[in-house]
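What follows is calculated from the coordinates using simple rules that are stated; it is not laboratory data. Bear in mind that the values here come from a model prediction, so they are computed numbers and not experimental data. Virtual Cβ from ideal backbone geometry, glycine too; neighbours counted across all protein chains shown.
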Amino acid sequence: MTEHDFTDLFERYPEIIADMPATFKSHEFILKLAQLYQVLYVDALHAYSHLPDNPNPAPFQIVHGILAKHLTTVPQLVTYIGEVNSTAIFTQENRCAQWQKVREE
């Protein structure tokens, strides 16, 4: 699988999380990140759009999975609550993680 450097997107997590409501879904977070940092987001999608071992790649699914999973690396900012029903970017209903912002003391 293609390796893409997500550092520039990951560095935006604190800013995006600060702008999210107290409780939010991974889908909502990714949509906000994509809206605010379109070029970085599109670069990540492009990196997974032509996989040599997959004639029918799914760049949105791959990139969104990486972005959502990375939320687990910032426990000082968010806490995983559980899985909830949600509408994904192409309006299909599925489940995704729900997060709660960590309160500043």
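In segment 68-105, the residue that is farthest from Y41 (Cα to Cα) out of those that are among the basic types (K, R) and over 15 Å from the mean Cα position of the chain (by Cα) is R103.
Looking only at segment 77-87, residues that are in contact with a helix residue (DSSP H, G or I) (Cβ under 9 Å, 6 or more places away or on another chain) and surrounded by fewer than 15 Cβ atoms within 10 Å (Cβ to Cβ) come to 2 in all. With respect to the conditions (1) more than 12 Å from K101 (Cα to Cα); (2) touching a strand residue (DSSP E or B) at 6+ places or on another chain (Cβ under 7 Å), T23 falls short on a single one, namely (1). Given the structure, is A47 in contact with a helix residue (DSSP H, G or I) (Cβ under 9 Å, 6 or more places away or on another chain), more than 27 Å from Q100 (Cα to Cα) and of a type in the set (G, A, S)? Yes.
Checking each residue of segment 16-38 against the condition of being more than 14 Å from the chain's Cα centre (by Cα), in contact (Cβ under 8 Å) with a residue 12 or more places away in the chain and surrounded by 15 or more Cβ atoms within 10 Å (Cβ to Cβ) gives no match. The residues of segment 66-83 that are free of Cβ contacts under 8 Å to residues at least 60 places away in the same chain and among the aliphatic types (A, V, I, L, M), listed by number, are A68, L71, I81. Please work out if Y48 is out of contact with any Pro (no Cβ under 8 Å at 6 or more places or on another chain) and under 19 Å from F6 (Cβ atoms). So Y48 does not fit the description; no. Restricted to segment 46-65, and to residues there that are crowded, with 16+ Cβ neighbours inside 10 Å and in contact (Cβ under 8 Å) with a residue 12 or more places away in the chain, the residue that is nearest to N85 (Cα to Cα) is H64.
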